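Peer 1: Here it is, the structure in full.
What follows draws every value from the coordinates through simple rules; no lab data is involved. In this text the structure is predicted, and so the values were computed from the model without any measurement. Cβ coordinates were reconstructed from backbone atoms using ideal geometry, including for glycine residues, and neighbour counts include every protein chain displayed.
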Amino acid sequence: MACTGPEETGPSTGYSAIMRVALTGASGFIGAAIARRLQADGHLVHGLVRSSSRRDHVDPHLDRVVVGVQEQADHQDDLLADADALVHNSVDWSVLKNESLQRHIEVNLTPSLRLFQAAADRSLPVVFISSVAVHHQMRDRWAGDIDEDHPTRPGNMYGALKASLEAHLWALHASKGLRFSALRPAAVYGIDPRLKRSIGYPIVTAIAENHAYDRAGGGKFIHVEDVAACTAAALERSSETPGIYHLADCYARWGDLAGMIAEHLGIEATINLDSPTAPRNMFTRREVQEELGVGMDRGHEGIRAHLTELTEIMVADGIVSAPAR
């Protein structure tokens, strides 16, 4: 393994120019984007991946691979060996979808707490990929402008996991001086290595095959490359004060996405646009822009560019047929 010398890296000197970064969930959609960005910035990425995970898209960006699972303490120790920082990104979605509380505690909650404790014991700075799902019930006195000081009141087990882990990071900061940043992405879009998981995939199918899309509502979105950029910037923070950041670029209705796809394909489609054009609450971007230097300004044009790329891939792969123009 290629490593820089101790005089160039290590938590004892703060955030150095080159770091050996331990990354959980390295083979996932977000994890692979983070690995790619960190390598491009010159860092050495040590990735934790499951034995069953696809790795061809991320292997070129990893300096060292630890094959294992986060619930195994020896796999955690191997991942953290010689690391200068930790990015904790992994979560086992299967137990959340099955609503298996005991397994959720065993494979998501307890291992994450153990990992944070180990990072604190080693004086490793932590970047935690949290989620805007820590918010569900939002207080009226915030007047729809939800900043990072709003209390966390999640509405499902996933949000509760993220909120509880943030709370433990605060406790480790107070008791052990742990330096950490928590990033809270909204719905993350981009081309997923598992294409069907890309935001917009079922909408492309519906427009191409049925010339219609009826889903109401919408969501707040952030590009995966901006999540990676924020992760890299958070690792470079020298402040002892924890950083909490909402990552939500813009709001769009599902019908807006459908309209972009229909326009690209040249299809006259029946689309549900009855939902409000703006959400009741929006997350502030000030902290991200001012402290991390990430613009968070792709807006609807960023979503459009993603959907155009996704649609062209699906047409080229024969997943949907392009209409005659």
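Residues checked against (1) surrounded by fewer than 15 Cβ atoms within 10 Å (Cβ to Cβ); (2) under 19 Å from the mean Cα position of the chain (by Cα):
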| site | (1), (2) |
| --- | --- |
| ARG55 | no, yes |
| VAL66 | no, no |
| ASP74 | yes, no |
| ALA85 | no, yes |
| LEU96 | no, yes |
| GLU106 | yes, no |
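Peer 1: Filter segment 192-207 for residues that are over 17 Å from the mean Cα position of the chain (by Cα) and more than 12 Å from MET314 (Cα to Cα) and give the result.
Peer 2: Passing the criteria: ALA206, ILE207.
Peer 1: Can you work out which of the residues in segment 28-42 that are assigned to a loop (DSSP other than H, G, I, E, B) and either touching a Leu at 6+ places or on another chain (Cβ under 7 Å) or in contact (Cβ under 8 Å) with a residue 40 or more places away in the chain (or both) is surrounded by the fewest Cβ atoms within 10 Å (Cβ to Cβ)?
Peer 2: The first filter runs over segment 28-42 and keeps only residues assigned to a loop (DSSP other than H, G, I, E, B), leaving 28, 41-42.
Filter again for either touching a Leu at 6+ places or on another chain (Cβ under 7 Å) or in contact (Cβ under 8 Å) with a residue 40 or more places away in the chain (or both), leaving 28, 41.
Numbers: GLY28: 25, ASP41: 17.
Ranking the candidates gives ASP41 first.
Peer 1: Further question on the same structure: Being in contact with a helix residue (DSSP H, G or I) (Cβ under 8 Å, 6 or more places away or on another chain) and closer than 21 Å to ASP84 by Cβ is true for just one of ALA163, ALA186, ALA118, ALA133. Which residue is that? Before the answer, list the steps.
Peer 2: Details: ALA163 fails: closer than 21 Å to ASP84 by Cβ; ALA186 fails: closer than 21 Å to ASP84 by Cβ; ALA133 fails: closer than 21 Å to ASP84 by Cβ.
Just a single option satisfies the conditions, and that option is ALA118.
Peer 1: Can you tell me which residue among HIS246, HIS264 is assigned to a helix (DSSP H, G or I) and either buried (at least 16 other Cβ atoms within 10 Å of the Cβ) or over 19 Å from the mean Cα position of the chain (by Cα) (or both)? Steps first, answer last, please.
Peer 2: On the way: HIS246 fails: assigned to a helix (DSSP H, G or I).
Only one candidate qualifies: HIS264.
Peer 1: Could you grab me the full set of residues in segment 199-241 that are closer than 30 Å to ASP84 by Cα and either among the polar types (S, T, N, Q) or part of a loop (DSSP other than H, G, I, E, B) (or both)? Step through it out loud before you land on a result.
Peer 2: Taking segment 199-241 and keeping what is closer than 30 Å to ASP84 by Cα, we get 222-241.
The answer is THR231, GLU236, ARG237, SER238, SER239, GLU240, THR241.
Peer 1: Residues of segment 309-325 being closer than 17 Å to GLU225 by Cα and either crowded, with 16+ Cβ neighbours inside 10 Å or under 17 Å from the mean Cα position of the chain (by Cα) (or both), which ones? If you could, list the steps in order and put the result at the bottom.
Peer 2: Going residue by residue through segment 309-325, those that are closer than 17 Å to GLU225 by Cα are 309-310.
Selection gives LEU310 alone.
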